[in-house]
Amino acid sequence: MPKSLILCDCSNTSSVHSDALSTVDSITCSKLHTGLCTHQSDAAAAAFSSGDAIIACQQERALFTEMAADLDLPEPHFVDLRDRAGWSDEAAKSGPKQAALLADALRPSPPVKTFDIVSEGLCLILGAPEAALQAAADLKDHLNVTVLLENPDDAPLDRSFDVVAGRLKSAKGALGGFTVQIDALQQLEPSGRGALSFGPARDGGRTECDVILDLRRDPPLFPAHEKREGYLHADPASAPALRAAILEASHLVGTFEKPFFLALDPTICAHSRAEQTGCTKCLDACPTSAIRPDGDHIDIDPNICAGCGSCAALCPSGAITYDDPPTSFLFTRIAGLADAFRAAGGTAPRLLVHDRDFGAEIISMAARFDRGLPADVVPMDLERVSGFGHAEMLAAMACGFAGVDVLVAPTTDRSALDTELVLAHALSGTPDALRLLEPSEPTQLCDALYGATPKAPQIEPILPLGTRRQVTRLAVKTLQPDLAAPLPLPENAPYGAVLVDKDACTLCLSCASLCPAGALGDNPDMPQLRFQEDACLQCGLCTHVCPENAITLQPQLNTADDALSQKVVHEEAPCECVECGKPFGVKSTVERIIEKLEGKHAMFATSDAARMIRMCEDCRVNAQFHQQDNPFASGERPRVRTTDDYLSKRRDH
């Protein structure tokens, strides 16, 4: 069904390109208005009533939503063409960008998987008596408050909230599910005359709460504490911070909906095998410690996860994937932006990835008070940019973007971004086209964008389908089609080869049996070690389990077709049984065993005994059975005793 785009130039200050916008499928453009939110509001109301309307304005979204509600109509769709394109020094050339932004806004988002967090308002307050007790008095009408004091003598007579004494030992959990351990715990004895008294102290006290308000001057209880929902840490000496924490705590009661940020496939996780540790990238990168080892794989606590996406960007196997939205949807958005830009007549667009908080605000300020965004810079908003990794950067380049800039906010988690940018530089072959921008004000953003002029890629744009590894490989082949040799990569890259020292390797195949990705394998018919480079995760498990230390890792990306198939990296002649001729092991290994045992061990003191080492398992058992000192032989079985035997020895008959 065609959609109607309601246009407005914001009192003749914004450039609107109806011809370019009309190139987007199923779109019809209205006449150009100048004051849709003021003197032409009747036109907006009429558009709502006529059908599926899209308002080309985000600033007055609340006004138009309220207007539709008054008419008993569903909320219209919105797209921001003014701040991101129409207000710019290059607004006259922004037609292709406006078409790309409109096409992206029309793309339906996949449903978000969520779960409920229930908070009953049980709040534990930590800190010095003066600040903690005052905060409890402020919150007692909103939450069920308990104050933990180190000195029971500081307990107030006010019984409108609970007070316990003790020393905080540990805390874990998140909103709606904190578990706290307290040593020297003393509970209040409410009865009796005079000062309040407390019971005997005991260690190992355990309690649960929904919210923790930490007003201590000590370090926070959790890493990346600002990302830990339900945990509020404030300096009691700062009145504004204290008021903000108390206000936020007062609202943390009820049922809250939280997305499942990540999807986990433990079957392909390369964390460990046979108690040997392999990949730990997600564990090292997680700022909130939401990821923990769980046997051969890892587990993610969705209550603690803050959704930064660093783990998904770094995961070499794809066991962790971002799910809000899925990576496949992000690839589709990137390709759709590039396609719509070209369809409207544009060439060599640049992608600007930003978050919906800091990034959207600084772009809006740059449009209103500075030069705005260049006409070839297409902004793409994400909830967080910290999970935008090398695969996404390369996909954008291979889809036709001349450059990719990631706008980093002061609060952005950089644990993965810096590493992923270095890897993307090595893989793309055009490091100048990939950047992290850290502007502190709109002018710095404009200077960085207007000062860059990357060359247009001379490629046939790809369709980014598949896993992140598959898209990366396709993108590199597109961006660097003339690669004749494997591309060297930085240390700890998730692509590469294994180098086998053939002199040291005994073909025990421990590496093949434990390889989580199946990159290393054996040949059931021959003593061979096979390797498929495309599948290698460089997790390091093979190097850890090899008893001869014969394996080393070599980070690289081989775009040749032979990387997709197994090749023999080490093989030896099989040892054939001296009796039946059946191959049963590695010849060199058997010879080494004979050299160490023949004539030197009591079991193999004679040549006939040593000859059994050269036999297969069936012939060896047969030879042992028929030898003179057969270990399976035994004396003649004793005759079975019967009743007559017992009776014959009795003297009473």
Members of the stretch 1-33 found to be assigned to a helix (DSSP H, G or I) and either open to solvent by 50 Å² or more (accessible area, probe 1.4 Å) or charged (D, E, K, R) (or both), listed by number: D19
Residue satisfying condition, being modelled with pLDDT of 95 or more, farther than 30 Å from N303 by Cα and touching a Cys at 6+ places or on another chain (Cβ under 9 Å), within set D89, D83: D89
Among the residues listed as P325, P379, P349, P374, the single one being farther than 19 Å from P287 by Cα and in contact with a Lys or Arg (Cβ under 6 Å, 6 or more places away or on another chain): P379
Tally, over the stretch 418-445, of residues that are of a type in the set (A, V, I, L, M) and surrounded by fewer than 23 Cβ atoms within 10 Å (Cβ to Cβ): 5
Hits in the stretch 627-653 - residues which are at pLDDT 75 or above and either assigned to a helix (DSSP H, G or I) or of a type outside the set (A, V, I, L, M) (or both): R637, P638, R639, R641, T642, T643, D644, D645, Y646, L647, S648, K649
Options F48, F78; residue that is more than 39 Å from the chain's Cα centre (by Cα) and of a type in the set (F, W, Y): F48
Segments classed as strands (runs of 3 or more DSSP E), wholly inside the stretch 542-597, with at least 2 members that are touching a residue at least 40 places away in the same chain (Cβ under 8 Å) and polar (S, T, N, Q): 551-557
The listed residue being surrounded by 20 or more Cβ atoms within 10 Å (Cβ to Cβ), basic (K, R) and in contact with a strand residue (DSSP E or B) (Cβ under 9 Å, 6 or more places away or on another chain), out of R473, R414: R473
Criterion (within 25 Å of D235 (Cβ to Cβ), in contact (Cβ under 8 Å) with a residue 12 or more places away in the chain and assigned to a loop (DSSP other than H, G, I, E, B)) met by exactly one of A174, A131: A174
Evaluation of D432 against (1) at pLDDT 95 or above; (2) of a type outside the set (S, T, Y); (3) part of a helix (DSSP H, G or I); (4) out of contact with any His (no Cβ under 7 Å at 6 or more places or on another chain) (one fails), failing number: (1)
Residue in the stretch 608-620 that is farthest from P574 (Cα to Cα), counting only those that are open to solvent by less than 80 Å² (accessible area, probe 1.4 Å) and without any contact (Cβ under 8 Å) to a residue 40 or more places away in the chain: A609
Only listed residue being in contact (Cβ under 8 Å) with a residue 60 or more places away in the chain, crowded, with 22+ Cβ neighbours inside 10 Å, closer than 25 Å to V545 by Cα and not aliphatic (A, V, I, L, M), chosen from C282, C308, C269: C269
Evaluation of A137 against (1) open to solvent by 50 Å² or more (accessible area, probe 1.4 Å); (2) assigned to a helix (DSSP H, G or I) (one fails), failing number: (1)
Test: residue in the stretch 506-521 that is over 30 Å from S88 (Cα atoms), part of a strand (DSSP E or B), in contact with a Cys (Cβ under 8 Å, 6 or more places away or on another chain) and open to solvent by less than 30 Å² (accessible area, probe 1.4 Å): yes
Residue, surrounded by the fewest Cβ atoms within 10 Å (Cβ to Cβ), within the stretch 140-167, restricted to residues that are over 19 Å from D210 (Cβ atoms) and of a type in the set (A, V, I, L, M): L157
Condition met for S41 (open to solvent by less than 80 Å² (accessible area, probe 1.4 Å), among the polar types (S, T, N, Q) and at pLDDT 95 or above): no
Residue selected from the stretch 537-557 under the condition surrounded by fewer than 22 Cβ atoms within 10 Å (Cβ to Cβ) and under 24 Å from A485 (Cα atoms), by the criterion nearest to the chain's Cα centre (by Cα): G540
All positions within the stretch 198-208 that are open to solvent by 50 Å² or more (accessible area, probe 1.4 Å), free of Cβ contacts under 8 Å to residues at least 60 places away in the same chain and assigned to a strand (DSSP E or B): R202, R206
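I want to confirm something. Restricting to the stretch 316-329 and keeping residues that are open to solvent by 20 Å² or more (accessible area, probe 1.4 Å) and not in a strand (DSSP E or B), which single residue is nearest to N492 (Cα to Cα)? Even if it seems obvious, please write down each step before you answer.
Taking the stretch 316-329 and keeping what is open to solvent by 20 Å² or more (accessible area, probe 1.4 Å), we get 317-318, 321-329.
Right, trim to not in a strand (DSSP E or B) and you get 317-318, 324-325, 327-329.
On the way: S317: 13, G318: 16, D324: 27, P325: 27, T327: 22, S328: 25, F329: 27 Å.
Here the residue is S317.
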Residue satisfying all of: in the stretch 522-536; within 23 Å of H271 (Cβ to Cβ) and of a type in the set (A, V, I, L, M, F, W, C); surrounded by the most Cβ atoms within 10 Å (Cβ to Cβ) among these: C536
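The values are calculated or read from the model by the stated rules, or taken from the named source; none is laboratory data. All values reported here derive from a predicted model rather than from experimental measurement. Quick reminder, even Gly has a Cβ in these numbers, built from the backbone with ideal geometry, and neighbours come from all protein chains shown. Note: accessible area is taken over every heavy atom of the protein model, side chains too, but ligands, DNA and RNA are not part of it. Shrake-Rupley method; radii C 1.70, N 1.55, O 1.52, S 1.80 Å.
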